[in-house]
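**Q** Before we start, here is the structure in question, set down as structure tokens.
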Amino acid sequence: MSNLNLPEVHENESLIIELKQNARLFFMFRRYQKMRAGELPWEDRIFTTFEKSSLSKSLKVLRVRLVLSWRSMVKRSLDILVSLISLIAAFPVMCLIAIAIKTNSRGPIFFKQTRVGIRGKIFNMYKFRTMMQDAEAKSGPIWAKENDPRVTLVGAFLRKTHLDELPQFINVLRGEMSLVGPRPERPYFVQEFR
């Protein structure tokens with residue numbers, strides 16, 4: 001064993017580093033030659049095969065679904081939290097509005113209206129009543145106008161301040177509406193838009 005001239009440890013390290021660099025250069029040169037010849041190196045063939053495979057597509061779909069479900073879970077959680085806090089905070093004001101509506105005109109305090117939600121789901125949206133009872137009985141569904149004679153005195157104030165929409169937090173809490181997103185429209189007008 002003593003007859004062998006082995007390089008010292010630090011020389012071994014530099015030899016290993018040099019071999020690694022040469023191996024990298026060799027593989028880069030081999031890759032260059034194959035690509036010039038119009039062939040795909042085996043590494044690229046593996047990656048392109050994986051990218052085209054159904055496993056890769058499934059993983060992409062799964063990743064998108066996970067992101068979307070995560071976002072929808074966070075959005076729904078925020079909807080519940082904000083609507084609960086808003087309903088609790090607005091409860092005294094809602095009680096005063098209910099008393100004002102009852103003293104100002106006949107009829108129910110709340111007004112429910114059929115609306116079309118996401119994916120065409122029909123639900124009842126709740127609002128404070130701002131018009132006379134049975135305001136659309138003769139005319140049918142029509143858009144509200146400025147200075148509409150059907151609007152009550154309290155209703156005009158509620159509409160101007162948007163306080164008539166406070167009960168919609170109940171719809172948000174029930175999952176029929178969301179705080180962020182398009183406003184659900186009445187089925188009559190949805191058919192008209194199509």
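The values are calculated or read from the model by the stated rules, or taken from the named source; none is laboratory data. Quick caveat: nothing in here was measured; it's all calculated off a predicted structure. We place every Cβ from the backbone using ideal geometry, glycine too, and count neighbours over all the protein chains shown. These area figures cover heavy atoms from the full protein model, side chains too; ligands, DNA and RNA do not enter into them. Shrake-Rupley method; radii C 1.70, N 1.55, O 1.52, S 1.80 Å.
**Q** Out of everything in the range 3-22 that is at pLDDT below 70 and in a helix (DSSP H, G or I), what residue ends up being least open to solvent (accessible area, probe 1.4 Å)?
**A** Going through the qualifying residues, I end up with Asn12.
**Q** Within the range 169-179, how many residues turn out to be crowded, with 19+ Cβ neighbours inside 10 Å and in a helix (DSSP H, G or I)?
**A** 3
**Q** In addition: Within the range 65-103, count every residue that is among the basic types (Lys, Arg) and open to solvent by less than 100 Å² (accessible area, probe 1.4 Å).
**A** 2
**Q** Follow-up question, since we're still on this one. Which ones in the range 118-135 are surrounded by 15 or more Cβ atoms within 10 Å (Cβ to Cβ), touching a helix residue (DSSP H, G or I) at 6+ places or on another chain (Cβ under 9 Å) and among the hydrophobic types (A, V, I, L, M, F, W, C)?
**A** Phe123, Met125, Phe128, Met131, Met132
**Q** Of the residues that make up the range 183-191, is at least one farther than 26 Å from Ala89 by Cβ and either open to solvent by 60 Å² or more (accessible area, probe 1.4 Å) or at pLDDT 90 or above (or both)?
**A** Within the range 183-191, one or more residues are farther than 26 Å from Ala89 by Cβ and either open to solvent by 60 Å² or more (accessible area, probe 1.4 Å) or at pLDDT 90 or above (or both).
**Q** Hey, another quick one. Can you tell me which residues in the range 114-159 are at pLDDT 85 or above and either among the acidic types (Asp, Glu) or over 28 Å from Leu96 (Cα atoms) (or both)?
**A** Correct list: Val116, Lys121, Ile122.
**Q** Mind listing whichever residues of the range 154-168 are assigned to a loop (DSSP other than H, G, I, E, B) and touching a residue at least 12 places away in the same chain (Cβ under 8 Å)?
**A** If the condition is that a residue be assigned to a loop (DSSP other than H, G, I, E, B) and touching a residue at least 12 places away in the same chain (Cβ under 8 Å), then Leu166, Pro167 are the ones that fit.
**Q** Still on this structure: Consider His162 against the criteria (1) at positive phi; (2) at pLDDT below 85; (3) open to solvent by 60 Å² or more (accessible area, probe 1.4 Å): it satisfies all of them except one. Which criterion is unmet?
**A** Result: His162 passes all but (2).
**Q** Shifting gears a bit: Where the second residue is at pLDDT below 80 and in a loop (DSSP other than H, G, I, E, B) and the first is within 13 Å of Tyr126 (Cα to Cα) and lies in the range 172-194, which pairs have Cβ atoms under 7 Å and are six or more apart or on separate chains?
**A** What qualifies is Arg186/Pro141.
**Q** Applying the selection to the range 95-124, what residues are in a helix (DSSP H, G or I) and in contact with a strand residue (DSSP E or B) (Cβ under 8 Å, 6 or more places away or on another chain)?
**A** Scanning the range 95-124 gives Ile97, Ala98, Ile101.
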